[in-house]
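Data block below; observations after.
The values are calculated or read from the model by the stated rules, or taken from the named source; none is laboratory data. All of these numbers come straight from a predicted model, not from anything done at the bench. A quick note on method: Cβ atoms are made from the backbone with ideal geometry, for glycine too, and the neighbour counts reach across all protein chains shown.
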Amino acid sequence: MASKEYSELIRSKLALLPDKPGCYLMKNREGTIIYVGKAKVLKNRVRSYFTGSHGAKTQRLVMEIADFEYIVTASNMEALILECNLIKQYHPRYNVLLKDDKSFPYIKITHEEQPRLEVTRRVVKDKGKYFGPYPNAFAAQQTKKLLDRLYPLRKCKVLPDKVCLYYHLGQCLAPCEYEVTREQNEKMVNEISRFLNGGHDAIRNELEERMLAAAEELNFERAKELRDQIQHIDALMEKQKITTTDAVDRDVFGYAVDKGWMCVQILYMRSGKMIERHVTLFPYYGDEYEDFLSFVTQYYSENPALPKEIVLPSSSMPAAAEAAAGKAEGAANAPDPAAADADKGGALLAAEAAAVYEADTASAVENGSAAADDAAPTAEDRDVKQALESWLKLKVHFPQRGLKKQMTHMARENARVALEEKFRMLERDEERTVKAVESLGEWLGIGPVRRIEAFDNSNIQGADPVSAMVVFTDGKPDKKEYRKYKVRTVQGPDDYETMREVIRRRYERVLKEGLEPPDLVVVDGGRGQISAAVDVLENELGLYIPVCGLVKDAKHKTAQLMAGDPPEVVPLRRDSQEFYLLQRIQEEVHRFAITFHRETRAKSMIVSQLDAIPGIGEKRRKLLLKHFGSVKRMREASVDDFRGIGIGDKLARDIIAALRGPEADGDGAAEGAEGAFEDGLTAVAPAMEQGSDSGSEPVSET
């Protein structure tokens with residue numbers, strides 16, 4: 001379909017859009033969903049993509065839109081939930097896709113007849129009780145250790161046959177041997193929940209009363225145990241700074257945008273204590289506030305460990321506008337704990353922010369500014385508040401003034417600083433890479449090395465030999481230029497001859513097709529590999545391209561750079577940027593080569609299994625692999641499953657018997673993880689042609 005026809009299709013659909021809430025799905029020319037959004041009024045929101053001016057990122061999205069669909073919902077809440085579900089279903093390229101880049105530890109009380117305490121990073125909907133998150137695993141383990149001393153729930157994952165050491169230490173009631181009633185367990189679970197929900201002061205007072213009572217009864221041993229428990233509680237609690245006068249569990253959100261990127265900062269406050277922050281950075285393509293809310297809905301959609309309330313920045317002032325306004329307000333504003341640290345080149349840690357913020361909070365409480373935090377929110381804020389509260393069953397605040405407003409401002413400032421830090425690091429890495437490329441050429445005496453092509457061979461005792469080439473342009477990997485090679489002429493584990501063959505094939509093609517030659521060829525190895533490559537380039541092909549080799553040490557790490565004729569060690573410092581660049585190149589080509597070798601080896605194992613069965617030729621082998629996807633599925637299939645592809649019952653029984661035999665069991669382990677190789681390798685070529693935008697790598701030059 002021509003571009004004009006796409007425009008006509010979109011124009012006609014825009015005229016039919018309803019004035020109702022719902023979700024819209026943008027598609028490219030292949031019909032793939034590339035963006036999902038929600039709108040209070042579908043007509044206005046969808047039309048806005050095709051009218052007026054947009055930023056570079058949004059314009060890139062709009063240029064790919066060839067069609068769209070929409071789903072009308074009864075309310076904004078339904079649109080919010082539907083958008084979250086559609087993003088998780090289709091994983092659109094231009095949407096915010098929340099990744100589990102970091103998971104915090106939680107303390108969990110399991111939902112079992114005999115419950116137990118555990119520290120976990122996986123939060124699932126299994127009826128267990130989750131408390132957290134904790135700033136690190138050590139803090140969670142220390143809290144659990146204290147609770148184990150106070151409340152003797154079972155410790156073993158599987159109940160043993162007899163009592164263990166925990167019973168003798170008084171830290172377990174031994175349900176493996178003695179009866180522990182439901183009421184006993186419920187009492188302990190309730191006490192643990194009370195402690196983790198901020199009731200540690202009350203529990204400490206109870207322990208102190210029991211300690212004094214034991215001392216009066218001259219039971220000094222018991223009094224000492226209770227005193228030790230009190231000291232453990234004190235030691236645990238004093239490590240955390242109080243930042244608010246209440247003891248509510250809340251998550252405070254803030255975000256900042258710059259150069260097409262968004263940074264979302266979450267400040268975790270538990271029992272009135274700021275314990276940790278979570279930073280997420282990602283590119284965004286739609287409206288900044290809508291993409292921010294999309295992040296929030298995805299964040300909580302699969303997380304049963306919810307706080308009592310969440311605090312969000314208002315939609316009335318986007319991140320970019322608030323950042324500009326913040327600079328103009330100056331000293332009239334509340335103290336900004338992140339701004340003072342911004343010039344130091346690092347975002348505030350949660351503990352540091354808490355310490356600074358404590359003084360601000362105390363001052364604000366004295367002045368009575370904690371009241372009316374949510375005064376006069378916007379209509380959009382009210383809609384989002386209602387939708388999130390109905391869906392998540394928690395309180396949502398869009399503070400306009402007071403303490404909670406200061407919290408969101410702190411989170412936003414931290415996000416801004418983190419975003420600035422990211423761009424500074426990118427600029428620094430860019431400068432270092434450029435200097436490393438220039439200096440590497442000087443060390444080798446060849447001038448700037450803009451394009452580097454690196455080669456590595458991979459085989460196991462000469463079996464399934466392959467080679468791979470990666471390309472680095474201006475110090476960065478250029479994945480659309482990567483190439484894979486199946487070795488054709490070399491028999492056995494001959495690394496030198498393999499290098500000759502691959503260099504010959506690569507640069508014969510460069511000459512034949514007029515491709516851009518590299519400024520430097522890097523081979524994995526020392527004098528032998530360098531000499532083999534130089535011999536082919538100069539004596540066979542008449543090409544005079546500088547060649548260097550990377551020698552590994554006993555630990556298979558990059559150790560030396562060799563170059564010249566004859567090859568000599570280049571005295572590069574191992575902590576120099578030039579050496580780091582070469583190290584990245586060698587690790588990348590090794591990764592690429594060994595991945596290709598594993599695929600080839602696994603495929604050959606599948607082929608050899610099927611070829612050994614009488615009556616299975618090349619056509620039937622491909623047909624079987626295409627239909628079943630893997631040998632594992634063939635092994636598990638019945639005779640009836642083979643009839644659909646024209647395989648008779650006798651041959652089907654022969655196939656099943658051969659694959660289920662003792663020899664098949666040995667090959668199955670290597671094959672099972674690899675999956676549908678025939679389909680996968682057949683489909684690789686079109687995927688590779690999409691280039692680096694798709695994140696894929698090109699097919700082999702065979």
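If you go through the range 23-37 one residue at a time, do you hit one that is surrounded by 15 or more Cβ atoms within 10 Å (Cβ to Cβ) and of a type in the set (Lys, Arg)? Among the residues of the range 23-37, at least one is surrounded by 15 or more Cβ atoms within 10 Å (Cβ to Cβ) and of a type in the set (Lys, Arg), which makes the answer yes.
Going through (1) under 36 Å from the mean Cα position of the chain (by Cα); (2) more than 23 Å from Asp251 (Cβ to Cβ); (3) buried (at least 17 other Cβ atoms within 10 Å of the Cβ); (4) hydrophobic (A, V, I, L, M, F, W, C) one by one, Cys156 falls short only on (3). Out of everything in the range 5-22 that is part of a loop (DSSP other than H, G, I, E, B) and charged (D, E, K, R), what residue ends up being surrounded by the fewest Cβ atoms within 10 Å (Cβ to Cβ)? Within the range 5-22, the match that is surrounded by the fewest Cβ atoms within 10 Å (Cβ to Cβ) is Asp19. Among the criteria (1) part of a helix (DSSP H, G or I); (2) at pLDDT below 75, the one Tyr300 does not fulfil is (2). Cβ-Cβ contacts under 7 Å between residues 6 or more apart (or on different chains), taken from a first residue in the range 55-80 that is assigned to a helix (DSSP H, G or I) to a second residue that is modelled with pLDDT of 90 or more and hydroxyl-bearing (Ser, Thr, Tyr), are listed as Leu61/Tyr35.
From the list Phe195, Phe138, Phe131, the one residue that fits, being under 22 Å from Glu276 (Cα atoms), within 35 Å of the chain's Cα centre (by Cα) and surrounded by fewer than 14 Cβ atoms within 10 Å (Cβ to Cβ), is Phe138. Of the residues making up the range 398-409, at least one is touching a Leu at 6+ places or on another chain (Cβ under 8 Å) and either modelled with pLDDT of 85 or more or in a loop (DSSP other than H, G, I, E, B) (or both). In the set (1) surrounded by fewer than 20 Cβ atoms within 10 Å (Cβ to Cβ); (2) part of a strand (DSSP E or B), Asp456 fails one condition alone, (1).
Of the helices (runs of 4 or more DSSP H) that lie entirely inside the range 571-660, those containing 2 or more residues that are closer than 30 Å to Ser439 by Cβ and touching a Phe, Trp or Tyr at 6+ places or on another chain (Cβ under 8 Å) span 577-611. Within the range 501-533, the only residue that satisfies the criterion of being in contact with a helix residue (DSSP H, G or I) (Cβ under 6 Å, 6 or more places away or on another chain), under 19 Å from Phe596 (Cα atoms) and part of a helix (DSSP H, G or I) is Ile503. Among the residues of the range 591-614, those identified as modelled with pLDDT of 85 or more and either hydrophobic (A, V, I, L, M, F, W, C) or surrounded by 21 or more Cβ atoms within 10 Å (Cβ to Cβ) (or both) are Phe592, Ala593, Ile594.
When Glu413 is tested against (1) in contact with a strand residue (DSSP E or B) (Cβ under 6 Å, 6 or more places away or on another chain); (2) at pLDDT 85 or above; (3) farther than 13 Å from Ser315 by Cβ, exactly one condition is not met: (1).
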